[in-house]
1. How far, in nm, would the chain grow between residue 32 and residue 154 when pulled straight, counting 0.36 nm per residue and subtracting the alpha carbon separation?
2. When the convex hull of the Cα atoms of the chain is projected onto a plane and the area is averaged over all directions, what value comes out in nm²?
3. Provide, for the chain, the number of lysine pairs with alpha carbons under 20 Å apart, each pair being eight or more places apart or on different chains.
4. For a quick check of your reading of the filter: which GluC sites (Glu not before Pro) in segment 17-101 sit in a DSSP loop and have no more than 13 other Cβ atoms within 10 Å?
5. Got a sec to turn the phi values of segment 140-149 into Karplus ³J(HN,Hα) couplings, 6.51 cos²θ - 1.76 cosθ + 1.60 with θ = phi - 60°, whole Hz, x for Gly and Pro?
6. By its C-alpha gyration tensor, with a ≥ b ≥ c as the square roots of the eigenvalues, how is segment 137-184 shaped: rounded for a/c under 1.5, else prolate for a/b larger than b/c, else oblate?
7. Could you give the angle, 0 to 90 degrees to the nearest 10, between helix 161-172's Cα long axis and the longest principal axis of the Cα atoms of the chain?
8. Quick one: helix 43-53 against the long Cα principal axis of the chain, what's the angle to the nearest 10°, folded into 0 to 90?
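Every number here is computed from the coordinates shown, using simple stated rules; none is lab data. Everything quoted here is computed from the prediction, not taken from an experiment. Every residue, glycine as well, gets a Cβ built from its backbone with ideal geometry; the counts of neighbours run over all protein chains shown.
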Amino acid sequence: MNAPIHPVRTLSVRVADLSDPGERARIDGFVTEHPDGTLFHRPQWTRAVERGCRQRAHYLVAERGGALAGCLPLTEIRSPLFGNAFVSAGFGTGGGIMGEGDVGAALAEAGWALAQEQGCSSLELRGGPVPERWQVRPHVYSVFTRDLPDNGDTLLKELPRRQRAEVRKGRELGLTVSIGRDEAHRAAHFRAYSESVRNLGTPVFPKSLFGAALDEFGDEAEILVAWHEQRPIATMLSFTFKGVIHPYWGGGIRDARTLRGNDIAWFELMRHAIERGIHRADFGRSKVDTGPWNRKRIWAFDETPLVYAVRTADGTAPREVNPLNPRYRLKIAAWQRLPLWLANRVGPFIARGLG
């Protein structure tokens, strides 16, 4: 008796149509169910970046037998200062190829072919499997996470002694916290966040990026603001996905340090997440040996090095956007001295090319 014949299911890769609500819902469901799916693989992220930064989106999906088998979100970053590149995921701390074996290999080749077709000489992967013969980038970033207890009182007790004292001091100074998605919270967030990054010597992202992200993610995104006498002191724009809170774009004005604004914002964000039944926090990446990196280590978050990879055209060096590079030192010092209104006017045109 002859053995039954099983047809071979052909693997195919195509560019998804993210303007189609049905396509978006199908991809988002796949990412949500996949064990390697992250916030940055969601089509909402890719669409928000395209809308908010005017950098073209390309979203590759791999299919086998009509079923989704993998994906690769891509942003086509074009900048006269930093060069052109395909990035996965643009403006994200993660992303990369979601798919192993032949699926991952097919997505890697399709992504590289698309980058070359669009005239980009490099493709950067921020997470996921590293394709064969791609260059692993040096360890520049670490991501910080922690599990959350069952209630806010336990959370406070679990904090390192120094941070516990800072939170209590912030409360004594009369800081209050509000959470929302309305225009008042959006304006307060940009006010505090833009001053924070100016003080670090970094151009601020476009305000339209934050608005697009809030609109795309709906109730899964929100802004927390710490106030002192009706003035926004510190803020955090966060996302929720797979039962994890992701504080992502945050910072405080210069007075935040003396008023303990950032300490209050971080603690209250975790406490609020616990009240919603969330039991893990991902505080995102920070560059090694920077102030934010040291601050997260002081909070005793769990640190994990991030693995990034890049492929470049022959004879082409990867683009360099790391502010720790010595050649940026004078530019950073000059940026820190800019009036805030000027930094906020010029910064978005520069930052949209960082990706």
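1. Details: separation 122, 0.36 × 122 = 43.92 nm, distance 3.00 nm.
Gain in length upon complete extension: 40.9 nm.
2. Numbers: hull surface 83.5 nm².
Average of the hull's projected areas for the chain equals 20.9 nm².
3. Values: 157/169; 157/296; 169/296; 287/296; 287/331.
Taking the Cα cut-off of 20 Å, the pair count is 5.
4. Numbers: sites: 23, 33, 50, 63, 76, 100; in loops: 100.
Taking segment 17-101 and a limit of 13 other Cβ atoms within 10 Å, the loop GluC sites (Glu not before Pro) found are 100.
5. 10, 10, 10, 10, 10, 9, 7, 7, 10, x
6. Details: a/c = 1.85, a/b = 1.26, b/c = 1.47.
Cα axes put segment 137-184 in the oblate bin.
7. 60
8. On a 0 to 90 degree scale, this one is about 60.
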